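**Student:** One structure coming up, written as structure tokens, with questions to follow.
The values are calculated or read from the model by the stated rules, or taken from the named source; none is laboratory data. Computed from a predicted structure; not experimentally measured. Every residue, glycine among them, receives a Cβ derived from its backbone with ideal geometry; neighbour counts consider all protein chains shown. Ligands, DNA and RNA are stripped out before the accessible areas are found, and what is left, the full protein with its side chains, is counted by its heavy atoms. Shrake-Rupley method; radii C 1.70, N 1.55, O 1.52, S 1.80 Å.
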Amino acid sequence: DVKVTQSSRYLVKRTGEKVFLECVQDMDHENMFWYRQDPGLGLRLIYFSYDVKMKEKGDIPEGYSVSREKKERFSLILESASTNQTSMYLCASRTLTEAFFGQGTRLTVV
Amino acid sequence: AQSVTQPDIHITVSEGASLELRCNYSYGATPYLFWYVQSPGQGLQLLLKYFSGDTLVQGIKGFEAEFKRSQSSFKLRKPSVHWSDAAEYFCAVDFPGSNDYKLSFGAGTTVTVRA
């Protein structure tokens, strides 16, 4: 089975901290994504990557950056966490026909 | 602009009754269409997908979906729901031609199953 693993299920961080969310996939997929999930808004795309060291902004990139140094790993970085970044974060990797999601990281910024 | 709409925020259905969830999209051509389910505390699981061909597609857990091009809709159905079907359901759309494999999601429909 394809596996997408997010390093943490729950995180609590303080305002202004630099936060790293890690995601690893084991199926050699080129395309990886970070989404943010909020009630009533569905999933919104933050950033995606279609190859190592390649990245593209999604719909809501402000306040975030990403890193993809290896094909299997895609990291989301909150440079200076703010309370409005409290949310559920979902990582996904994709083939043409299917996207595979991690379990999600629920981040609370206090 | 391309968009995905799930008109129903919340649906309550009795166990054993049928379920129908709506999804509409705005796009000039036929996109790739997906339905995902998210149980509490879990990630998203693919129920079914439509790319082309037969407009009635079968998925896992007894779900099926019907694509109607004339209505730009992709309805998810289940003839008889079980208590375990209580979850949030997301319609997702991939707009071909962009070559970026992005998925656009609807806002989701929460399904409550009453005994």
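**Student:** Taking B:Gly53 and the conditions (1) in a strand (DSSP E or B); (2) at positive phi; (3) not polar (S, T, N, Q), which numbered condition does it fall short on, given that it satisfies the others?
**Tutor:** Exception for B:Gly53: condition (1).
**Student:** Give me the strands (runs of 3 or more DSSP E) completely within segment A:71-110, filtered to those with at least 1 residues that are over 28 Å from A:Asp28 (Cβ atoms), ordered by residue number.
**Tutor:** Once the strands (runs of 3 or more DSSP E) in segment A:71-110 are filtered for at least 1 residues that are over 28 Å from A:Asp28 (Cβ atoms), what remains is A:87-94, A:105-109.
**Student:** Just to be sure, is B:Gln71 crowded, with 17+ Cβ neighbours inside 10 Å and of a type in the set (S, T, N, Q)?
**Tutor:** Details: crowded, with 17+ Cβ neighbours inside 10 Å: no; of a type in the set (S, T, N, Q): yes.
In short, no.
**Student:** For B:Cys23, which of the numbered conditions (1) open to solvent by 30 Å² or more (accessible area, probe 1.4 Å); (2) within 14 Å of another protein chain (Cβ to nearest Cβ); (3) touching a residue at least 40 places away in the same chain (Cβ under 8 Å) fails to hold?
**Tutor:** (1)
**Student:** For segment B:41-60, which residues satisfy the criterion of being surrounded by fewer than 14 Cβ atoms within 10 Å (Cβ to Cβ) and either away from chain A (no Cβ under 11 Å) or farther than 20 Å from B:Thr109 by Cβ (or both)?
**Tutor:** Residues of segment B:41-60 that are surrounded by fewer than 14 Cβ atoms within 10 Å (Cβ to Cβ), as a first pass: B:41-42, B:52-56, B:58, B:60.
Scanning segment B:41-60 gives B:Ser52, B:Gly53, B:Asp54, B:Thr55, B:Leu56, B:Gln58, B:Ile60.
**Student:** Go through segment A:1-26 and give me each residue that's surrounded by fewer than 18 Cβ atoms within 10 Å (Cβ to Cβ) and either polar (S, T, N, Q) or within 14 Å of chain B (Cβ to nearest Cβ) (or both).
**Tutor:** Residues satisfying the conditions are A:Asp1, A:Val2, A:Lys3, A:Thr5, A:Ser7, A:Ser8, A:Arg9, A:Tyr10, A:Thr15.
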